[in-house]
Amino acid sequence: MTQVVTHHATAAPSGSDSVRLPVLDVLRGVAVLGILLMNIQSFGRLSSEYLNPKALGEPPPLDWAVWIINHVVADGKFIAMLTVLFGAGIVIMGGNSRETADAFQQRFQRRMAWLFLFGLAHGMFLWPGDILAAYAVCGAIALRLRHRPTADLVWLGVLLLAAMTVLWMVFSAVLVFALPVDWIVHLATRFWVPHAELVYAEMERLTTGWLGSAGERALNALGAQAWMFVSDRFFSMLAMMLFGMALVRTGFLTGQWSVSSYRRVVVAGLGVGVPVVLAGLWFNEVVSWDFRYSMFLGRVANHWASIAIAIAWIALFILLVKQDALGAVGRWLEAVGRMAMTNYLGQSIICVLIFYGIGLGLFSRLGYLELLAVVLLIWAFQIAFSLGWRSLFTMGPFEALWRRLANG
């Protein structure tokens, strides 16, 4: 595979704002495939199990081992990686645009408006965990910050993450010290340890009643999206976009650092991040996954550690590309990354057909190990589809539609 640094970039399709950097496409491919490791749990298991793996009691030992590995290597890591790359793309597009600054900004805002609508439809009608709508809002804000000095972007990102941490600690304090016991019980049984009636209702809504509950699911998705945005995504996604803008300026994301530097980043990122994730997991075990402590306070460690581990994954794959160690796998990942939006939405379409009532209806029937097998099958399909599509077309179907709508 081509050793990828900026001067080896390949030209983007006609009309593009930027030069294609194959290393970034490889990284996008890794990130898009990687986020399915966690998203599959949201599709295939009860909503409460996404944050509380013991919502239905102790999982079987093998399933518990799979969950722990996923939590350490994937939970929050690949979405952070993808968000860093989204921020980097803003800088690259702006820097390579041949339009005036005002014209580029207007067209970028149109792109974000259409991305928001894509995300809204995706979240309301397919899967409430959509990230595209939040990307659109945060991307529009990040655009206005793209000319800030690199150090300012980093400090703004850190401040956003610190603000989110403080917010979560306040939420935890309210749960522990302020709310009446009956409120705690109501919230816990609704979102953390559901009783049998709620379990049955969720299973019925997503299987036999999937079509009939479309309106209810859409309203629930709007509420979930709004809550996730104000309590988490505004802070974390905007911060990661700002980090991405800073990292691409330094040459880190485009493969311009030395091999030894990337090795040090891998070792440091994993050396710091993995113990912090495990410390957070230990805390949740000590408090027995108590809703009052684990819902917010128990997730802080993983949120911070996800940054270090995400940067380590980025450095590792850049290192592999620079050393030409990926071979055919690099070409597969690059093809997937060139169609990141199509593959992201495609994962939702496939999972809906596998787990919900409009398809096979396997919701809540598979354990974590079986879900991992489904992930591998979807990866194989998406790699084959991406390679085949890219042999015929320059852009993925959703990417082409998005560009056409945004350009008018």
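The values are calculated or read from the model by the stated rules, or taken from the named source; none is laboratory data. Keep in mind it's a predicted model, so treat the numbers as computed, not measured. Don't worry about glycine lacking a Cβ; one is built from the backbone with ideal geometry, like all the others, and counts go over all protein chains shown. All accessible areas refer to the heavy atoms of the entire protein, side chains included, with ligands and DNA or RNA removed. Shrake-Rupley method; radii C 1.70, N 1.55, O 1.52, S 1.80 Å.
Summary table below
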| quantity | calculated |
| --- | --- |
| Hey, L120 at pLDDT 95 or above and open to solvent by 10 Å² or more (accessible area, probe 1.4 Å) or not | yes |
| Residue list for region 136-182, restricted to those being of a type in the set (V, I, T) and over 23 Å from V84 (Cα atoms) | V170, V174, V176, V181 |
| Where T394 falls short, out of the listed (1) closer than 30 Å to Q106 by Cα; (2) hydroxyl-bearing (S, T, Y); (3) in a helix (DSSP H, G or I) | (3) |
| Residue satisfying all of: in region 370-383; aliphatic (A, V, I, L, M) and either in a loop (DSSP other than H, G, I, E, B) or closer than 15 Å to N39 by Cα (or both); most open to solvent (accessible area, probe 1.4 Å) among these | L377 |
| Condition broken by G255, with the remaining ones in (1) open to solvent by less than 10 Å² (accessible area, probe 1.4 Å); (2) closer than 21 Å to L161 by Cα satisfied | (2) |
| Filter pass, I79 being open to solvent by 20 Å² or more (accessible area, probe 1.4 Å), part of a helix (DSSP H, G or I) and touching a residue at least 40 places away in the same chain (Cβ under 8 Å) | yes |
| Pair list, Cβ under 9 Å, 6 or more apart: region 195-209 residue open to solvent by 60 Å² or more (accessible area, probe 1.4 Å), other residue aromatic (F, W, Y) and assigned to a loop (DSSP other than H, G, I, E, B) | M203/F363 |
| Any hit, region 59-68, residues being under 24 Å from V30 (Cβ atoms), among the charged types (D, E, K, R) and crowded, with 16+ Cβ neighbours inside 10 Å | no |
| Matching entry among R331, R249 (being over 20 Å from A80 (Cα atoms), open to solvent by 30 Å² or more (accessible area, probe 1.4 Å) and either at pLDDT below 95 or of a type in the set (D, E, K, R) (or both)) | R331 |
| Residue check for R338: touching a strand residue (DSSP E or B) at 6+ places or on another chain (Cβ under 9 Å) and open to solvent by 10 Å² or more (accessible area, probe 1.4 Å) | yes |
| Residues of region 133-150 satisfying the condition of being without any contact (Cβ under 8 Å) to a residue 40 or more places away in the chain and in a helix (DSSP H, G or I) | A136, A140 |
| Condition met for A163 (under 25 Å from the mean Cα position of the chain (by Cα), surrounded by fewer than 14 Cβ atoms within 10 Å (Cβ to Cβ) and modelled with pLDDT under 95) | no |
| Answer residue from region 274-296, given it is in contact (Cβ under 8 Å) with a residue 40 or more places away in the chain and within 30 Å of V321 (Cα to Cα) and is most open to solvent (accessible area, probe 1.4 Å) among those | L278 |
| Exclusive hit being in contact with a helix residue (DSSP H, G or I) (Cβ under 7 Å, 6 or more places away or on another chain), outside any helix (DSSP H, G or I) and open to solvent by less than 10 Å² (accessible area, probe 1.4 Å), set A88, A55, A31 | A55 |
| Residue identified as surrounded by fewer than 17 Cβ atoms within 10 Å (Cβ to Cβ) and touching a helix residue (DSSP H, G or I) at 6+ places or on another chain (Cβ under 6 Å) among F243, F229, F177, F171 | F229 |
| Enumeration of residues in region 186-229 that are small (G, A, S) and either touching a His at 6+ places or on another chain (Cβ under 8 Å) or closer than 19 Å to F125 by Cβ (or both) | G209, G212, S213, A214, G215, A218, A221, G223, A224, A226 |
| Residue check for G367: within 24 Å of A121 (Cβ to Cβ) and surrounded by 15 or more Cβ atoms within 10 Å (Cβ to Cβ) | no |
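This table checks each residue for (1) without any contact (Cβ under 8 Å) to a residue 60 or more places away in the chain; (2) touching a helix residue (DSSP H, G or I) at 6+ places or on another chain (Cβ under 7 Å).
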position	(1), (2)
L62	no, yes
H71	no, yes
V84	no, yes
T100	yes, no
M112	yes, yes
F116	yes, yes
F125	no, yes
